[in-house]
Amino acid sequence: MKTIRIKCRETAKESVIICRKNVLSKQLASDLPWLKERGGIVFTDSNVFALYGKQIGACLEGLPVFTMPAGEENKNEQTLFALLRAMAEAGLRRNSVLIAIGGGVVGDVGGLAASLYMRGIDCIQVPTTLLAQVDSSVGGKTAIDFCGVKNLIGAFRQPVRVYADPAFFGTLPPREIRCGLGEIIKHGALNARLFGELLENRSRLTDLGFLASIVPENIQIKADVVRKDPAETGLRRCLNLGHTTGHALELSGADLSHGECVLIGLLYESRLALRCRGADGEYLSSLGSLIRDVLVCDPRAFDMRSAAHLALLDKKNTKKDSVTLAVPLRMGEVSYLELPYAEYERALEKIGRTL
Ligand code: NAD
Ligand code: GLY
């Protein structure tokens, strides 16, 4: 068992992240008395409910369960408001708790509902995908997609607890494992020790035992950044590596999940970085080859022109005709670029031809 704490200067409350086995049967079951006393609601999605509904019902007996249809396409205002309605109908009070059990979609929508209900109630995150354990459940970013833009409506609110249990990986389809590796490689690009471990274990990057062993380290890397900059005013922008191009690709209608888009975005953005002064070619080439090990699709197969256009909608942009992005420069060092749209579009097309 490993416990990681995030106490931010800006927020009075501490976020406690516990990596352990038997989260449902031991941790949540032992939390049940205080959850019942304060009033709680379980929020999950249809796939997770089909797999773990019985166990959830047994461990959290007596708490209402609200289930959203699985999928990014449902990370929207309809789901958010349906959940808020269920919270009101369940009679939740200011001291009640929302328990989000699922992947990043459930975590993001559940976290946002918790931050809005009565101006904010506590949220416990129980991440069930690799991506959600190493990234989305930690750090307090919550959101829904809106008007065709990823995460346009959201809030920063740290979960009071995060319970990460690698046993959930046992039911994940291989594709979802690869998605989580996108965020793990992103952390590796920022941390020499993790990068070394990933390179040393290239032949078993999708091995569940290996992945379980590196979850706490990934959480620690992210927690160390969030602790210093919870609201992304500076340092935390480094966690957006690969995400500008990745989010744009995700919105372009390509049949790709968030994690796959991050992998492809990181591949393109590591090539973009080669143009920057001080870029470490050897590091960027190792990063590229790690990504290629994990990607099962051809990164040249997508319409990068449409993606480039969608990057103009990115929340990080501060100018109408420019794209703002964080690119990996050398180990642990990120460069922040503001590229005129035409230049970004040309660069992506060129990179696509030379990959
Ligand atoms: P997801 O939540 O859609 O989960 C992927 C799929 O796996 C879904 O079909 C889900 O039902 C299923 N699933 C979940 N747990 C399972 C299990 N144990 N066994 C079998 N199937 C399971 O997607 P995701 O990849 O977890 O998260 C992606 C989302 O996270 C995106 O919306 C992205 O924007 C968001 N995100 C947020 C942050 C943040 O800091 N808040 C960071 C990264 C990503
Ligand atoms: N996933 C990026 C962040 O949490 O800041």
Per the filter on segment 230-248, residues part of a loop (DSSP other than H, G, I, E, B) and either over 22 Å from Ile4 (Cα atoms) or more than 11 Å from ligand 2 (Cβ to nearest atom) (or both) are Thr233, Gly234, Leu241, Gly242
When you go through Leu251, Leu274 one by one, which is the residue that is more than 15 Å from ligand 2 (Cβ to nearest atom) and surrounded by fewer than 19 Cβ atoms within 10 Å (Cβ to Cβ)?
Leu274
For segment 132-186: of the residues being within 16 Å of ligand 2 (Cβ to nearest atom) and basic (Lys, Arg), which is farthest from Leu24 (Cα to Cα)?
Lys150
Residues in segment 135-142: is at least one of a type in the set (D, E, K, R), crowded, with 23+ Cβ neighbours inside 10 Å and in a strand (DSSP E or B)?
yes
Determine if segment 60-68 includes at least one residue that is small (Gly, Ala, Ser), at pLDDT 95 or above and buried (at least 16 other Cβ atoms within 10 Å of the Cβ).
no
Might you check whether a residue that is within 15 Å of ligand 2 (Cβ to nearest atom) and surrounded by 23 or more Cβ atoms within 10 Å (Cβ to Cβ) occurs anywhere in segment 110-119?
yes
Please verify whether Leu348 is in contact with a strand residue (DSSP E or B) (Cβ under 7 Å, 6 or more places away or on another chain) and either small (Gly, Ala, Ser) or touching a residue at least 40 places away in the same chain (Cβ under 8 Å) (or both), treating the condition exactly as stated.
no
Exactly one of Pro299, Pro340 is without any contact (Cβ under 8 Å) to a residue 40 or more places away in the chain and not charged (D, E, K, R), and that residue is Pro340
What's the number of the condition Ala311 fails, among (1) surrounded by 14 or more Cβ atoms within 10 Å (Cβ to Cβ); (2) closer than 27 Å to Thr206 by Cβ?
(2)
Looking only at segment 180-236, which residues are touching a Ser or Thr at 6+ places or on another chain (Cβ under 7 Å) and under 19 Å from Gly246 (Cβ atoms)?
Gly180
Can we say Ser96 is farther than 15 Å from Thr67 by Cα and within 16 Å of ligand 2 (Cβ to nearest atom)?
no
Out of Gly288, Gly332, I need the residue that is under 18 Å from Leu190 (Cβ atoms) and exposed (fewer than 14 other Cβ atoms within 10 Å of the Cβ). Which one?
Gly332
Out of (1) in a helix (DSSP H, G or I); (2) over 24 Å from Cys147 (Cα atoms); (3) more than 20 Å from the chain's Cα centre (by Cα); (4) among the aromatic types (Phe, Trp, Tyr), the odd one out for Tyr336 is which?
(1)
Taking strands (runs of 3 or more DSSP E) that do not extend beyond segment 35-113, which have at least 1 residues that are more than 16 Å from ligand 1 (Cβ to nearest atom), under 22 Å from the mean Cα position of the chain (by Cα) and touching a residue at least 40 places away in the same chain (Cβ under 8 Å)?
97-102
Is there a residue being among the acidic types (Asp, Glu), farther than 23 Å from Val162 by Cβ, within 11 Å of ligand 1 (Cβ to nearest atom) and in contact (Cβ under 8 Å) with a residue 12 or more places away in the chain anywhere in segment 248-255?
yes
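The values are calculated or read from the model by the stated rules, or taken from the named source; none is laboratory data. As the structure is a computational prediction, the values presented were derived from the model and not from experiment. With ideal geometry, Cβ positions are generated from the backbone for all residues, glycine too; neighbour counts draw on all protein chains shown.
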